[in-house]
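Participant: Handing you this structure, nothing more for now.
The values are calculated or read from the model by the stated rules, or taken from the named source; none is laboratory data. Remember, it's a predicted structure, so these values are computed and weren't measured experimentally. Quick reminder, even Gly has a Cβ in these numbers, built from the backbone with ideal geometry, and neighbours come from all protein chains shown.
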Amino acid sequence: MAALRIYGIARTRAFRALWMAGELGLAYEHLPIEIGEAGARAPEFLAINPNGRLPFIDDDGFVLFESLAITLYLAKKHSLGKLYPASLMDEAKAWQWSFWAIAEVDRGVNIWSLHAVRLPPAERDAAKRDEALKVLAAPFKVLDAALAVQPYLLGDDFTVADFNVAAVISRAIDMDLAAVPNLKVWLTRCLARPAARAALMLKNKADSETPAEVTRRIARINRL
Ligand SMILES: N[C@@H](CCC(=O)N[C@@H](CS)C(=O)NCC(=O)O)C(=O)O
């Protein structure tokens, strides 16, 4: 049995942990549990992650929740000096972009994708979708400008900073990104990485198998 267990169906933010495990070439066990009472909020899983949310991991007895804490931890543990920066300042920049992604764009991309792609067409709320695009416009311009001067967020190489931002906004690949061409090229490149493609296959499969009732529940529980 693999030492690393990743909990959460690939449709959720567990996608981020799955992509990172692939990026690092780790052996892992995937437990594709669902959101809600039948999954993450069942007593046996609440005992591991009391938030009742996905994802969480158990790495040989070490339990961690919060998707980007998980990706930073795995990258530092297995790829220090490569995917995870070795210098104090580059490490801080990786944290900067990670916290930025969670605070500035995570919710907006999620709302947009629900009301543009994932909910049944008749149930999509155009006002929520348009508001999400307005909220995303300014931070996307910031990201686009950062990528106008160098191919990746910390310079010439793909690092956990790129990984975390690309993983958080991966569903934005279906948006019209004409106003942010550097972001578009960079996101396309990040998502073309072999480990990203493998994780996206799992995510797309889970998306396509998700009943509309579960998508409605996601929108309701997370107030999206
Ligand atoms: N900030 C957390 C958010 C976790 C989160 O909201 N996960 C969603 C799935 S993507 C969830 O479990 N929602 C169901 C619920 O809250 O019951 C992270 O990045 O891990």
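Participant: Exactly one of these conditions fails for Pro120: (1) touching a helix residue (DSSP H, G or I) at 6+ places or on another chain (Cβ under 7 Å); (2) free of Cβ contacts under 8 Å to residues at least 40 places away in the same chain; (3) away from the ligand (no atom under 16 Å from the Cβ); (4) of a type outside the set (Asp, Glu). Give me its number.
Facilitator: (2)
Participant: When you scan the stretch 115-131, how many residues do you find that are of a type in the set (A, V, I, L, M, F, W, C), in contact with a Lys or Arg (Cβ under 8 Å, 6 or more places away or on another chain) and either part of a helix (DSSP H, G or I) or loosely packed, with under 15 Cβ neighbours inside 10 Å (or both)?
Facilitator: Filtering the stretch 115-131 for residues of a type in the set (A, V, I, L, M, F, W, C) gives 116-117, 119, 122, 126-127.
The next check asks that each one be in contact with a Lys or Arg (Cβ under 8 Å, 6 or more places away or on another chain); those that pass are 116-117, 119.
Pick out the ones that are also either part of a helix (DSSP H, G or I) or loosely packed, with under 15 Cβ neighbours inside 10 Å (or both) and you get 116-117.
Selection size over the stretch 115-131: 2.
Participant: Any idea which residue in the stretch 66-101 is nearest to Asp130 (Cα to Cα), counting only those that are within 14 Å of the ligand (Cβ to nearest atom) and surrounded by fewer than 16 Cβ atoms within 10 Å (Cβ to Cβ)? Let's see the steps before the verdict.
Facilitator: From the stretch 66-101, those within 14 Å of the ligand (Cβ to nearest atom) are 66-74, 98-101; that's our starting set.
So of that shortlist, the ones also surrounded by fewer than 16 Cβ atoms within 10 Å (Cβ to Cβ) come out as 69, 99.
On the way: Ala69: 30, Phe99: 24 Å.
Selected residue: Phe99.
Participant: Could you tell me which numbered condition Asn51 fails, if it satisfies all but one of (1) within 16 Å of the ligand (Cβ to nearest atom); (2) more than 22 Å from Leu26 (Cβ to Cβ); (3) not in a loop (DSSP other than H, G, I, E, B)?
Facilitator: Tallying (1) within 16 Å of the ligand (Cβ to nearest atom); (2) more than 22 Å from Leu26 (Cβ to Cβ); (3) not in a loop (DSSP other than H, G, I, E, B), Asn51 fails exactly one: (3).
Participant: Of the residues that make up the stretch 99-120, is at least one farther than 30 Å from Glu209 by Cα and in the same structural domain as Leu136 (by TED's automatic domain parsing)?
Facilitator: Of all residues in the stretch 99-120, those farther than 30 Å from Glu209 by Cα come to 99-100.
After this cut, where a residue has to be in the same structural domain as Leu136 (by TED's automatic domain parsing) as well, the list is 99-100.
Checking the stretch 99-120: at least one residue is farther than 30 Å from Glu209 by Cα and in the same structural domain as Leu136 (by TED's automatic domain parsing).
Participant: When you go through Thr215, Thr159 one by one, which is the residue that is of a type in the set (Ser, Thr, Tyr), within 28 Å of Ser79 (Cα to Cα), in contact (Cβ under 8 Å) with a residue 12 or more places away in the chain and buried (at least 17 other Cβ atoms within 10 Å of the Cβ)? Outline the logic, then answer.
Facilitator: On the way: Thr215 fails: within 28 Å of Ser79 (Cα to Cα).
After ruling out the rest, the residue left standing is Thr159.
Participant: When residues of the stretch 180-224 are filtered for being acidic (Asp, Glu) and within 16 Å of the chain's Cα centre (by Cα), how many remain? Can you show your working first?
Facilitator: Step one: filter the stretch 180-224 for residues acidic (Asp, Glu), giving 207, 209, 213.
So of that shortlist, the ones also within 16 Å of the chain's Cα centre (by Cα) come out as 207.
Qualifying residue count for the region: 1.
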